[in-house]
Amino acid sequence: MREHRKARRSLTVCAAALLAAGPLLTGCAEAVSQAAQSTSVPEGRPPVVMFLGDSFTVGSGPVAEWDTYAADTAKTLGWQLVTAGGSGTGYVATGRVGRTFERSFDRQLSWRPAPDLVVVSGGHNDRRVRPSTVRAAVLRLVARVRERWPVTRIVLVGPIWIDTAPQSAYPTRDAVASAAWLAGVPFLDPLTQRWIADDRARVLLPDGVHPTLYGHLRLARWLAETLRARGLAGDEAAPAALPG
């Protein structure tokens, strides 16, 4: 009988000890849980930006894709960059790769998760195409991007000419600008800039068309500053979805 009483007393003491330790154990469990959550939930991510363009965007000659103005702009603004397009291409021009910008979008970009921003840069290779045809192609591409990613912001950058642009470049520029206005997207115009002063060989490759590494840095500096001035840079980490 005494042994049974001792056993009951032991059980009562053990139960009381467990009850007393309960809050402590619960607090430890909560602390561990909170610590696990704090290490597993990311604080944010850089904006994902896709550039779609011609040889200025994807690289040409000695300038590789990761050294172009698009890459330099992404480095400056802290972006995650995806680049698409091809040399000689445009809204209508297919270049050697046999793709327009719209076709490059379909093949290289549209299957990916939605980015925060899409920058379409071009028109240089469309200068021999009727402006009305270029404008229609721009509008189709913008509609295609919006159909795929409704909340992704779109920016159009006009044709790039490092040297003095020919007269044929301006109707194309105006067609892209007109389409941007009709679609309600921002338009940025490189033709308003003077890229060469007394440093032609430093800025322009011997082919007389494409920029050197320094020329790409100049383009990137202009583009980054312009995007910031227009509120399009998305410098902050994990920004809210950018509306179209």
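Annotations
- Within the accessible area of segment 132-244 (1.4 Å probe), percent carbon and sulfur: 54
- Applying the criteria of a DSSP loop state and at most 15 other Cβ atoms within 10 Å to the trypsin sites (Lys or Arg not before Pro) of segment 69-173 yields ARG96, ARG128.
- For LEU204, the residues whose modelled amide H falls within less than 5 Å of its own, excluding neighbours fewer than 5 places apart on the same chain, are THR212.
- What the phi angles of segment 182-196 give under the Karplus curve with 6.51, -1.76 and 1.60, with θ = phi - 60°, is a coupling list of 5, 7, x, 10, x, 10, 10, 10, x, 5, 7, 9, 9, 8, 10 Hz, glycine and proline written as x.
- Residue-normalised accessible area of segment 125-244, expressed per residue, 1.4 Å probe, Å²: 50
- Each label point was placed 7 Å from the Cα along the Cα-to-Cβ direction; for SER168 and ALA143 their separation is 2.8 nm.
- In this structure, THR133 and ARG194 have a Cβ-Cβ separation that, at R0 = 35 Å, corresponds to a calculated FRET efficiency of about 0.75.
The values are calculated or read from the model by the stated rules, or taken from the named source; none is laboratory data. Worth saying up front: this structure is predicted, and the values here are computed from it rather than measured. Reconstructed Cβ throughout: ideal geometry from the backbone, glycine too, with neighbour counts over all protein chains shown. Just so you know, the surface numbers come from the protein's heavy atoms only, side chains and all, with ligands and any DNA or RNA stripped out. Shrake-Rupley method; radii C 1.70, N 1.55, O 1.52, S 1.80 Å.
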